[in-house]
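*Asks:* For reference, the structure I am asking about is given below.
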Amino acid sequence: KSRQQTLGKFFGKP
Amino acid sequence: MLEARLEQAALLKKVVDAIKELVQECNFDCNDSGIGLQAMDNSHVALVSMFLKSESFSPFRCDRNIALGINLNALQKVLRAAQNEDILTLKAEDAPDVVNLVFENATADRISEYDLKLMDIDQEHLGIPDTDYAAQISMPSSEFQRITRDLSAISESVTIECNKEGVSFACEGDIGKGNIKLRQYTNVDKPAENVEVNMTEPVALTFALKYLGNFCKASGLSEQVRLCLSNEVPLMVEYALANNSYIRFYLAPKIGD
């Protein structure tokens with residue numbers, strides 16, 4: 001089984 | 001004010017078709033360099049980043065920054081009234097309540113005009129870091145669409161692996177498993193069929209096929225698609241358009257528990 005990550009972890013607020 | 005004239009309504013129709021599954025409401029940010037859009041899906045797993053450069057329009061005029069808050073479902077309803085070959089002009093005032101769309105047929109004997117109501121959309125913009133991707137794969141967009149569709153029938157996820165052998169798309173589901181390998185291919189007469197693999201280090205990442213299937217709705221915009229991967233960062237899927245305009249999708253990877 002795998003878990004879906006979200007983009008917030010990778011892309012910050014500019 | 002904004003005034004932006006597209007030679008072919010098909011471009012905007014296809015852009016809206018490509019993103020409306022992912023995003024329902026978003027700002028079209030207009031400035032003197034063109035019209036851009038950045039939006040995430042509700043689950044914050046995927047992001048679309050589009051930019052139509054001013055050179056993609058003729059003429060293009062935008063005196064100050066204008067955000068057009070648009071419901072894409074409503075925009076699509078209006079765009080259905082445009083033929084693919086119609087000339088499309090977008091117009092808006094500096095602080096607009098509506099965006100005005102005019103469709104003219106090639107023989108200029110029919111002019112359709114619509115006003116679409118705008119909405120206030122409070123959208124958070126994410127900073128997307130410049131990434132030197134470990135692997136870049138260019139391939140026919142139709143091929144990527146087919147791989148995505150075929151593997152979706154077997155599993156919810158695909159593992160994209162790039163090594164010196166080439167690229168593989170592998171999945172495993174209840175009924176069994178599947179694996180598609182692509183190797184570099186160059187066709188001088190038909191460059192749209194080329195497969196190009198540039199890799200600086202091996203990569204293997206797993207992604208939800210549901211989102212890749214959504215991205216593939218942009219296949220009609222470009223004959224080639226570029227996949228950019230690095231371990232442990234989101235995938236970028238890019239459809240390059242004329243005049244350096246583009247539509248890019250980002251997808252967060254899945255990780256093992």
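The values are calculated or read from the model by the stated rules, or taken from the named source; none is laboratory data. What you see is a predicted model, and the numbers here were worked out from it, not measured in a lab. Neighbour counts are summed over all protein chains in view; Cβ atoms, including those assigned to glycine, are modelled from backbone coordinates with ideal geometry.
*Asks:* Output the number of residues of region B:113-127 satisfying the condition of being assigned to a loop (DSSP other than H, G, I, E, B) and within 14 Å of another protein chain (Cβ to nearest Cβ).
*Replies:* The total comes to 5.
*Asks:* Name the pairs whose Cβ atoms lie under 9 Å apart, with the first residue in region B:107-119 and without any contact (Cβ under 8 Å) to a residue 60 or more places away in the chain and surrounded by 12 or more Cβ atoms within 10 Å (Cβ to Cβ), the second of a type in the set (D, E, K, R) and part of a strand (DSSP E or B), and 6 or more positions between them or separate chains?
*Replies:* B:Ile111/B:Glu104; B:Ser112/B:Glu104
*Asks:* As an exercise: evaluate B:Thr159 against (1) more than 24 Å from B:Ala240 (Cβ to Cβ); (2) modelled with pLDDT under 95 and give the number of the one condition it does not meet.
*Replies:* For B:Thr159, the exception is condition (2).
*Asks:* Here is a follow-up. If I go through region B:85-106 residue by residue, how many of them are touching a Lys or Arg at 6+ places or on another chain (Cβ under 7 Å) and either polar (S, T, N, Q) or without any contact (Cβ under 8 Å) to a residue 12 or more places away in the chain (or both)?
*Replies:* Summing the residues that are touching a Lys or Arg at 6+ places or on another chain (Cβ under 7 Å) and either polar (S, T, N, Q) or without any contact (Cβ under 8 Å) to a residue 12 or more places away in the chain (or both) in region B:85-106 gives 2.
*Asks:* One residue is enough: does region B:45-56 have a residue meeting the conditions surrounded by fewer than 16 Cβ atoms within 10 Å (Cβ to Cβ) and either among the hydroxyl-bearing types (Ser, Thr, Tyr) or over 19 Å from B:Leu116 (Cα atoms) (or both)?
*Replies:* Step one: filter region B:45-56 for residues surrounded by fewer than 16 Cβ atoms within 10 Å (Cβ to Cβ), giving B:55.
Among the residues that remain, those that are also either among the hydroxyl-bearing types (Ser, Thr, Tyr) or over 19 Å from B:Leu116 (Cα atoms) (or both) are: B:55.
Yes, that holds for at least one residue.
*Asks:* Which of the numbered conditions does B:Ala39 fail, given that it passes all the others? Conditions: (1) away from chain A (no Cβ under 14 Å); (2) under 25 Å from B:Asn243 (Cβ atoms); (3) touching a residue at least 40 places away in the same chain (Cβ under 8 Å); (4) not hydroxyl-bearing (Ser, Thr, Tyr).
*Replies:* Result: B:Ala39 fails condition (1) only.
Every residue, every condition in (1) closer than 16 Å to B:Arg146 by Cα; (2) within 12 Å of the chain's Cα centre (by Cα); (3) buried (at least 21 other Cβ atoms within 10 Å of the Cβ), yes or no:
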| position | (1), (2), (3) |
| --- | --- |
| B:Asn214 | yes, yes, yes |
| B:Glu223 | yes, no, no |
| B:Cys228 | no, no, yes |
| B:Leu235 | no, no, yes |
| B:Ala242 | no, no, no |
| B:Tyr250 | no, yes, yes |
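*Asks:* Another one. If B:Gly127 meets every condition in (1) closer than 24 Å to B:Leu47 by Cβ; (2) surrounded by 14 or more Cβ atoms within 10 Å (Cβ to Cβ); (3) of a type outside the set (D, E, K, R) apart from one, which number is that one?
*Replies:* Every listed condition holds for B:Gly127 apart from (2).
*Asks:* Ok, one more. For region B:179-199, name all the residues that are among the hydroxyl-bearing types (Ser, Thr, Tyr) and loosely packed, with under 13 Cβ neighbours inside 10 Å.
*Replies:* B:Thr186
A quick yes/no check of all residues on (1) out of contact with any Phe, Trp or Tyr (no Cβ under 8 Å at 6 or more places or on another chain); (2) under 30 Å from B:Val237 (Cβ atoms):
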{"site": "B:Pro59", "(1), (2)": "yes, no"}
{"site": "B:Gln76", "(1), (2)": "yes, yes"}
{"site": "B:Ala82", "(1), (2)": "no, yes"}
{"site": "B:Lys91", "(1), (2)": "yes, no"}
{"site": "B:Val98", "(1), (2)": "yes, no"}
{"site": "B:Ala106", "(1), (2)": "yes, no"}
{"site": "B:Lys117", "(1), (2)": "yes, no"}
{"site": "B:Gln123", "(1), (2)": "yes, yes"}
{"site": "B:Asp130", "(1), (2)": "yes, yes"}
